[in-house]
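Below: the structure, in structure tokens.
The values are calculated or read from the model by the stated rules, or taken from the named source; none is laboratory data. Quick caveat: nothing in here was measured; it's all calculated off a predicted structure. Cβ: placed from backbone, ideal geometry, glycine included. Neighbour counts: every protein chain shown. Note: accessible area is taken over every heavy atom of the protein model, side chains too, but ligands, DNA and RNA are not part of it. Shrake-Rupley method; radii C 1.70, N 1.55, O 1.52, S 1.80 Å.
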Amino acid sequence: MYRFRLQRVLEYRRRCEEEQQQALRQAQLLHQNEATRLEALQLAAQTQEETLLATHGTGLSSAEWSAWQRHYALLAQDIATQQEVVSQMTRQVLEHRQQVLVARQETRIIEKLDEQAQQRYLAAQAQRDSQLLDELALTRSRHVR
């Protein structure tokens, strides 16, 4: 019966690969959440601009104009900060993706060793079976004479 002597190593590599895939999924989810937040901030800024343009004809007092500028400046600062967060999350996703690829390659190496060992076992088993059949045929031919 065939038993791969590196089975525990293979199982460990598979667990490591799964953990890396889980970390990648988590990083992708966080990236998506941060990108959605960035889109919301950009939409808020666009809405503010459209509101300002719509009220431009009615005239704003200097206090209203100053308040709008402060609010818009804070919003622009939040957008810049969020863009940096999204960029950082993008880098993390790429790092996790690379780690998944490395883990997958390590797993495939052990799987290839398993396949090769299994094929050697099957070839040796087939050779033993063939020898046994040859011996049986030889023994039978001797008894028939």
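Provide a single number: the residues in the stretch 1-19 that are open to solvent by less than 100 Å² (accessible area, probe 1.4 Å) and within 17 Å of Ala124 (Cα to Cα).
Counting residues in the stretch 1-19 that are open to solvent by less than 100 Å² (accessible area, probe 1.4 Å) and within 17 Å of Ala124 (Cα to Cα) gives 2.
Quick one: is Asp134 in contact (Cβ under 8 Å) with a residue 24 or more places away in the chain and acidic (Asp, Glu)? When the stated conditions are applied, Asp134 does not pass them. Out of Arg120, Arg104, Arg128, Arg140, one residue alone is in a helix (DSSP H, G or I) and surrounded by 12 or more Cβ atoms within 10 Å (Cβ to Cβ). It is Arg104. Restricting attention to the stretch 20-48, the residues being farther than 19 Å from Gln82 by Cα and free of Cβ contacts under 8 Å to residues at least 40 places away in the same chain number 2. Residue pairs whose Cβ atoms lie under 6 Å apart, sitting 6 or more positions apart in sequence or on different chains, and linking a residue in the stretch 1-19 that is closer than 16 Å to Val102 by Cα to a partner that is open to solvent by less than 60 Å² (accessible area, probe 1.4 Å), are Val9/Ile110; Leu10/Ile110; Arg13/Thr107; Arg13/Ile110; Arg14/Thr107; Cys16/Ala103; Glu17/Ala103; Glu17/Thr107.
Kindly indicate whether Thr90 is in contact (Cβ under 8 Å) with a residue 24 or more places away in the chain and more than 30 Å from Tyr121 (Cα to Cα). Yes; evaluated as a whole, the condition is true for this residue.
Taken together, the criteria exclude Gln82 from residues that are open to solvent by 70 Å² or more (accessible area, probe 1.4 Å), out of contact with any strand residue (DSSP E or B) (no Cβ under 9 Å at 6 or more places or on another chain) and assigned to a helix (DSSP H, G or I). Here Leu60 meets each of (1) without any contact (Cβ under 8 Å) to a residue 60 or more places away in the chain; (2) of a type outside the set (Phe, Trp, Tyr); (3) assigned to a helix (DSSP H, G or I) with one exception, condition (3).
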